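The values are calculated or read from the model by the stated rules, or taken from the named source; none is laboratory data. Here the structure is a predicted model, which means the values were calculated and not measured. Reconstructed Cβ throughout: ideal geometry from the backbone, glycine too, with neighbour counts over all protein chains shown.
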Amino acid sequence: MLEEIMKSSCDRVRFGTDFCEWKIPNLEVLKKAYSFVHEGGKEFIYVTPRLSNSSFKRVQEQLAFLSNNGRETKVVINDLGLISILEKYPNLKLHLGRRLVFMPARCPWIEETLFRAGFFERKKLEELYHQTSLNYAPTIHFYQKYGIKGVDVDWIPRSFLYLNFLIRNGFTVSVHIHLIPVTITRRCHTARFLSEKEPQICSRPCDKRAFLLKQPTLKKEFYLHGNTVFRFIQSSLKDVKQLHEQGIEELVVTVNPITKIDSGEKIDAFIQNLRKS
């Protein structure tokens, strides 16, 4: 898939995993991917998930490699514990991942909740639900004290207005298109359904498969991909234009079985559609 991505006209390549620590690449694979992306003339961004003690040491080795190679490299972190050691790696540009940014509007039942509220209560709830956990100056100052310069958020159009607060306070903002994480499990349901024996030797069926989950009563559909349940939302050109005017740093397109954007041609077709706005 990395070869396909490199064929496209995307500006940057995110390599790694937001959600599953068992998909953390080993150091040799990381080195090969890093060289391959830079030789292809694109920026390399490394993505790390929430970590257990066993995977923490592996990621430390990888961060040391990225910091010592002479280039400044952006690293997306989803584990608060990494902040305590990142000052050891001066060439890393730190970016806050979605698992450290809470957005109440990820809840798939939010519309039903607001519908049951009274008019004045609903207005207050709408503002509260569509902000992020970073719409609070002391929280921003806490992360910036540790060198965090950017942040990932979800494609939730009613939340876009509140991203201006993050930008005004010095964060660059990246918006993930299509997939909104609804819930994340410690144990992987995909592995359980497909009888994977041990996470250490998982065959990674999520590289090729995802499950459609239907909630018929409220007419909701979700996707189980690995250890994460997602909602899928279609992007709109109007929203792309709004984000561009707000000064959003980048849009992130995920290559996986849910989006079905799995070739250089499909990536370019999607990018061209976005640029039409």
Quick one: what pairs do we get from the stretch 235-247, first residue in contact (Cβ under 8 Å) with a residue 60 or more places away in the chain, second surrounded by 15 or more Cβ atoms within 10 Å (Cβ to Cβ) and part of a loop (DSSP other than H, G, I, E, B), C-beta under 6 Å, 6+ apart or different chains?
Ser235/Ile177
Residue, farthest from Ile167 (Cα to Cα), within the stretch 265-277, restricted to residues that are surrounded by 14 or more Cβ atoms within 10 Å (Cβ to Cβ) and modelled with pLDDT under 95:
Phe270
May I ask you to verify whether Tyr146 is more than 30 Å from Tyr34 (Cβ to Cβ) and among the aromatic types (Phe, Trp, Tyr)?
no
Residues satisfying the stated conditions in the stretch 241-257, i.e. over 19 Å from Val151 (Cβ atoms) and surrounded by 15 or more Cβ atoms within 10 Å (Cβ to Cβ):
Val255, Asn256, Pro257
Give me the residue from the stretch 162-200 that is charged (D, E, K, R) and either farther than 26 Å from Lys260 by Cβ or touching a helix residue (DSSP H, G or I) at 6+ places or on another chain (Cβ under 9 Å) (or both) and, out of that set, surrounded by the most Cβ atoms within 10 Å (Cβ to Cβ).
Glu196
Does any residue of the stretch 121-141 turn out to be among the hydrophobic types (A, V, I, L, M, F, W, C) and in a strand (DSSP E or B)?
no
Considering the stretch 50-94 alone, what residues qualify as being within 18 Å of the chain's Cα centre (by Cα) and without any contact (Cβ under 8 Å) to a residue 24 or more places away in the chain?
Leu80
Which of the residues spanning the stretch 148-161 are surrounded by 13 or more Cβ atoms within 10 Å (Cβ to Cβ) and touching a helix residue (DSSP H, G or I) at 6+ places or on another chain (Cβ under 7 Å)?
Val151, Asp152, Val153, Asp154, Ile156, Pro157, Ser159, Phe160
Kindly indicate which of Arg204, Arg209, Arg231 is surrounded by 12 or more Cβ atoms within 10 Å (Cβ to Cβ), under 16 Å from the mean Cα position of the chain (by Cα) and touching a residue at least 12 places away in the same chain (Cβ under 8 Å).
Arg231
